[in-house]
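Let me begin by presenting the structure, written as structure tokens, before commenting on it.
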Amino acid sequence: VARMSCHLVQQTSKAECVFGKSFGCDASGRSMWVANCRGFFECAGDRIPCGYPPGLPFYNCSCSQSCKHLQLPHNRMRRVGQRRHTMNNQDCYGPNVVLPRNEASVRLPSLRCQYSLSKLALSSDGPVCATIDALVNATATGYYDRDGHFITGCRIPMENRLPRTDPCVHIRGDSFTRHMLQAVSMILKGNFVSGAFKRPNVNCLCDGQFSEHPKCRRNYSFPFPCTLAIFESRVVCGSHHPHCTHPGSTMQAKHDKAAFVWFQGGLHYLEKYGERAADAFAKAIRTIAKRKVRKADHFFVSGLHFQTPAADKVFPHQRRELALEFNRQARRVTDEVGGRFVDFATVADGNEFRGTSDGVHYLTSANLLKARIFLALLHMAQKEVKERSSEITPCCGTPRERNGFYN
């Protein structure tokens with residue numbers, strides 16, 4: 001077989017990949033092999049990964065397994081009617097692997113050949129959402145059309161950075177919020193292949209970044225300082241700076257900046273309280289609003305997504321009708337305390353076409369859409385704060401401490 005029919009593109013193993021010794025092609029040209037070697041290879045005209053997942057001394061890989069050149073949308077999210085283009089250094093080659101969650105009863109194929117992001121598009125009609133309320137309402141009334149495009153009454157602002165005026169952010173949520181913040185990191189880095197992690201995870205690329213498999217539940221990249229608890233299913237984030245009051249503190253400094261407070265819940269409440277989950281979450285919203293939200297703060301609440309019909313049968317305590325009632329009551333209480341309820345059930349709508357890793361947790365397209373909305377709300381909130389006060393107190397550390405996410 002000619003050497004050029006199978007050659008190394010990028011080595012990812014510590015052991016050296018040497019043609020004819022640790023990797024090679026079969027006589028048909030339809031497959032290749034690796035021995036104690038791992039990486040990306042050009043095989044029969046397609047770029048494929050071989051040697052994954054790590055752990056075995058020998059692998060035989062089919063050259064026909066590769067996905068064609070991934071067409072990522074303009075600005076990482078396509079507008080309906082606009083042409084696509086290929087990004088030179090952000091394409092996903094080979095299988096779009098989503099490892100199934102080990103303990104999950106709803107299992108989906110671990111091999112996905114189309115990156116969910118390649119299907120995502122936003123409506124381009126109408127003006128840009130100019131206010132927080134306009135964007136919140138557009139999210140709540142948004143829907144997917146027949147082609148899978150997310151349609152909103154006004155256009156979602158496309159922000160690619162955190163606000164220049166350093167935000168004081170306090171966030172509490174579960175794995176849904178964790179995935180949303182990972183997607184925010186992807187946007188800030190401009191990396192949609194491995195940007196959800198501090199360092200690339202070869203087991204969890206592209207849609208695989210949102211797998212709940214243990215191999216993908218570590219080394220997360222977040223845009224803010226965050227702590228995780230209860231097997232990474234609860235996340236708390238905040239700005240560690242004297243001018244940003246800690247969300248657990250009842251003492252308010254004289255010059256504290258107005259904060260962006262995000263409180264999300266659902267899965268743990270349903271699991272713990274069952275039919276009383278909506279009442280328990282409503283009580284938690286009132287407590288947060290009373291003890292940890294000031295008049296000048298922007299207070300946002302988000303609740304449950306819809307899981308797939310298959311997951312409804314396995315996890316009946318999270319089924320659609322209970323999620324609807326949970327969100328309805330959360331919205332009512334949020335309105336009562338002067339907050340805004342951000343309904344992401346329209347984005348993660350339970351349709352298997354959107355793509356999930358376990359019937360409950362969604363993949364890149366849905367999480368990126370949520371992250372776009374979150375970033376837009378953060379910018380709008382900071383704009384309102386700036387308009388209310390001409391004197392802005394520096395907050396939240398130096399650019400080096402902020403991981404370079406600010407421009």
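For the cross-link pairs Lys290/Lys370; Lys295/Lys370; Lys119/Lys272; Lys292/Lys386, which exceed 30 Å when the distance is taken from alpha carbon to alpha carbon?
Going by Cα-Cα distance, Lys119/Lys272 fall outside the 30 Å limit.
Listed highest first by mean packing, meaning other Cβ atoms within 10 Å per residue, what order do 170-178, 214-222, 199-207 come in?
Averaged packing, sorted descending, gives the order 170-178, 199-207, 214-222.
Compute the normalised compactness of region 252-365: alpha-carbon radius of gyration over 2.2 N^0.38 Å, N being the residue count.
The value comes to 1.17.
Could you let me know the centre-to-centre spacing of region 133-159 and region 337-370, using Cα atoms, in angstrom?
Centre-to-centre (Cα) distance: 13 Å.
How big is the C-alpha Rg of region 179-219 next to the rule-of-thumb value 2.2 N^0.38 Å, as a ratio?
Taking the Cα Rg and dividing by 2.2 N^0.38 Å, one obtains 0.98.
We did not get these values from a lab; they are worked out from the coordinates using the rules stated. Bear in mind the structure is a predicted one, so any value in this text is a computation, not a measurement. A quick note on method: Cβ atoms are made from the backbone with ideal geometry, for glycine too, and the neighbour counts reach across all protein chains shown.
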